Amino acid sequence: MSASAPSTSAPASPSSVEFIGMIATRDASETRPAAGPPIDPDYTTRFARAHEDAGFDRVLIGYSSSRPDGTQVAAHVAARTERLGLLVAHRPGFVAPTLAARSFATLDQFTGGRVAVHTITGGNDTEQRRDGDYLTKDERYARTDEYLTVLRRAWSSAEPFSYEGAHYRFEDYGSEVLPVRESGIPLYFGGSSEAAYRVGGRHADTFALWGEPLAETAGQIAAVRAAAEAAGRAQPPSISVSFRPILGPTEELAWERAHRILETINSGAGRPFFDQARHHTAGEAPQNAGSQRLLAAAAKGDLHDRALWTPTATASGAGGNTTALVGTPETVAQALLDYVDIGVTTLLIRGYDPLDDAIDYGRHLIPLVRQELAHRAATRRPAAALAGGSL
C-alpha cells in the first residue's frame, strides 16, 4: 500500500501563532526535586487550568519509559478544562498503529476535537530498550514511516483496508470511531536528524525543533521544507520551536534570575528530573541529534542573537528543550517574533518554575506577541486594499 497524502494544515498566517505549553503530573524541573507522588491529580488539574487561563492553545504531555501514560493524563485534563488543546507525545512501535488510531480517535471524540499527536521516534537506545525496543535508529525511523502511513489511513478510511510492510501487516482493518475532523488528528513530529527531516517532512502537519540560534533554525526549516518537497507535498509542515523563557521586570533582574537558575541546575537540585529527561549518563555524549545540536550551539557562545542563552542546555546535558530566552517580557517577545519572521508558526514555551512561569507567560509575554502580530496584520490590510483599488 502506498503512503496516503498527509492532511496538510496550512501554516498560520503572519497575524497568528500557536502557543504550546507543557504540563506534568507533579511539580518538578531541572531546578527543583520532584514534589509529591508521581501522579498528583490536583496539581495536574491546576497546572492545566493555569495554561488555559494564560491563553495557551495546547499543552504537550511528554513521554518516557517511566512517565504516566499520556493518553490517560490527557483524558484527565480534558475533563477539567474547556478549550485547551492536548498534544500527546507518542512513540511508535510499542502498540500497533491500528490500536493507536482507535485510542486517539476515541479521545478526540470525547474531547470534541482537542487532540493532537506528537510523534517521537526515539533517540536513545538505552531508553528504547526499557520498553523492549531493540531496533537501530534507522530501523526505528523506517518503522515510524510505516506507522504514520497507517495512522493517516486509519483516521480517514470509512472502509476496511489491508497493509503489508516491513514492520506491520494486517488484513481488513476497519474502525467505527474516526477523529472529529475529516482531515484526521494533527500530527506533530520531533527530530533533528536527516532521517527525522525525511520522515517528518513526509508526514507531519507541524515539525518541532528545539531552540537554536536563528541562522541554525533557518537551516533546519529549509531542510524540512526540502524533505517535504522531495516527498511530493505541495504544502510543507508548519514549524514549531521550543524555548525556556526567563523573564524579569528589568533586564538586570532577568539576568540575575537566569544566573540563579543556572547555579541551581549546576547544584544538582533537579538532577533526578533531568537525568530522566536526557536518557543518558552524566558526562556521556547524547545519541540524539537535537541534543547534539544544542550542545554545539552552546559551545559557540553563551548568548546568541537577541536573547538566546545556552548555558542551561550545557548544564542539564541538553535533555529536551533547554535553551533560554532571557530578558524583560518586551525583549523576549521580540526574540520570539524574530523566529516568527523566519517562518515559525508555533511557539512552545515552558519555564524552570513550571506552574508560576506558565501564569507569568499568560500575564506578561503571550499578550505582547499576539498584540504585535495583530498590529502587523492591521497595518498591512489597508495597503493591500489600496493596491486592489478599494478602500
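The values are calculated or read from the model by the stated rules, or taken from the named source; none is laboratory data. Predicted model, so just to flag it, every value in this text is computed and none were measured. Neighbour counts run over all protein chains shown; Cβ positions are idealised from the backbone, glycine included. Side chains are part of the model used for accessible areas, which takes the heavy atoms of the whole protein and leaves out ligands, DNA and RNA. Shrake-Rupley method; radii C 1.70, N 1.55, O 1.52, S 1.80 Å.
With bins 10 Å wide beginning at 0, the percent of Cα pairs of the chain falling in each bin runs 5, 23, 34, 26, 10, 2, 0. The DSSP beta bridges internal to the chain are antiparallel in roughly 20% of cases.
Only protein heavy atoms count here; under a 1.4 Å probe, W255 has an accessible surface of about 60 Å².
Calculated [222 nm] ellipticity per residue, helices only, for the chain: -14000 deg cm²/dmol; basis is -39500 (n - 2.57) per DSSP H run with n ≥ 4, divided by all residues, nearest 500.
Projecting the Cα atoms of L187, Y168, T149 onto the charge dipole of region 116-229, computed from C-beta unit charges around the Cα centre, puts L187 farthest toward the positive end.
With Rh defined as the Kirkwood radius, the inverse of the mean 1/r over Cα pairs, the Rg/Rh of region 54-207 is 0.95. Of the GluC sites (Glu not before Pro) found in region 64-160, the ones in coil according to DSSP and having at most 15 other Cβ atoms within 10 Å of their Cβ are E82. Give the residues of region 157-198 whose amide nitrogen is closer than 20 Å to a point set 7 Å from the Cα of T136 in the direction of its Cβ. It comes to 166-168, 192-198, nothing else. The calculated FRET efficiency for the pair R380 and A215, based on their C-beta separation and a Förster distance of 35 Å, comes to about 0.85. So the label point goes 7 Å from the Cα of F161 along Cα→C-beta, right? Which residues of region 193-214 then have their backbone N under 15 Å from it? Inside the label zone: 203.
Contact order normalised by length for the chain, with contacts defined as Cα pairs under 8 Å and 6 or more residues apart; what percent is it? It comes to 21 percent, rounded to a whole number.
Between A269 and R370, the C-beta separation translates, for a Förster distance of 30 Å, into a calculated FRET efficiency of about 0.30. For region 257-269, backbone phi angles converted through the Karplus equation (6.51, -1.76, 1.60; θ = phi - 60°) give residue-by-residue couplings of 5, 4, 6, 5, 4, 4, 4, 5, 4, 5, 6, x, 4 Hz, Gly and Pro being listed as x.
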